[in-house]
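Here the structure comes first, spelled out in structure tokens, and everything after it is commentary.
The values are calculated or read from the model by the stated rules, or taken from the named source; none is laboratory data. Here the structure is a predicted model, which means the values were calculated and not measured. Cβ: placed from backbone, ideal geometry, glycine included. Neighbour counts: every protein chain shown. For the accessible areas, the whole protein counts, side chains as well, though only heavy atoms, and no ligand, DNA or RNA atoms are used. Shrake-Rupley method; radii C 1.70, N 1.55, O 1.52, S 1.80 Å.
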Amino acid sequence: VGEQVSLKCSFKSSSPITESLTIDWTYRPVTSGQMETIFHYQSVPYLTTVGKFKDRISWVGNVAKGDASIAIQSPVITDNGTFICSVRNPPDV
């Protein structure tokens, strides 16, 4: 609580990394099943502009190295939940 936390995500692809590569981070709180997208990447990071993680997510990954990690500033107990990292690099599935 209170310190920056890194959410690690790594990937491997049999296809070259191109501008088609996308990364999506979603979050589902423990208390309710409503999932929300908290981060999107396609060529550049798109930080969330709404929700509980607004202004608290930062991109710390490096797609050239297979790293899709993000960081959350000032986490609180109510941030507890499931965080899912999804990487797509067409045509690799």
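Across the range 39-93, Cα-Cα pairs farther apart than 17 Å form 41% of the total. Between Asn62 and Val76, the distance separating the two model label sites (each 7 Å from Cα on the Cα→Cβ line) works out to 3.4 nm. Here the scattering of the range 4-88 is modelled by Debye summation over its C-alpha atoms, one equal scatterer each and no solvent; at q = 0.12, 0.16, 0.19, 0.22 Å⁻¹ the log10 of I(q)/I(0) is -0.34, -0.60, -0.82, -1.06.
In order along the range 26-39, the phi-based Karplus estimate (6.51 cos²θ - 1.76 cosθ + 1.60, θ = phi - 60°) of 3J(HN,Hα) comes to 10, 9, 10, x, 5, 7, 9, x, 6, 8, 9, 7, 10, 7 Hz; Gly and Pro are listed as x. Listed by chain and number, the aspartates and glutamates whose alpha-carbon sits under 16 Å from that of Lys12, ignoring those within fewer than 8 places in the same chain, are Asp24, Asp67, Asp92. Summed over the residues of the chain and divided among them, the accessible surface reaches 62 Å² per residue at a probe radius of 1.4 Å. One chain, two ends: Glu19 and Thr37. Fully extended at 0.36 nm per residue, the span grows by 4.5 nm beyond their Cα-Cα distance. When both the range 37-93 and the range 13-28 are represented by their alpha-carbon centers, they are found 11 Å apart. What you get for the range 1-64, charging only the Cβ of Lys and Arg (+1) and of Asp and Glu (-1), is a dipole of about 140 debye around the Cα centre. Computed 3J(HN,Hα) for the range 73-90, one whole-Hz value per residue from the Karplus formula 6.51 cos²θ - 1.76 cosθ + 1.60 where θ = phi - 60°, is 8, 6, x, 10, 3, 6, 7, 4, x, 9, 10, 10, 9, 10, 10, 10, 9, x, glycine and proline marked x.
Of the solvent-accessible surface of the chain, computed with a 1.4 Å probe and all protein chains present, 54% belongs to carbon and sulfur.
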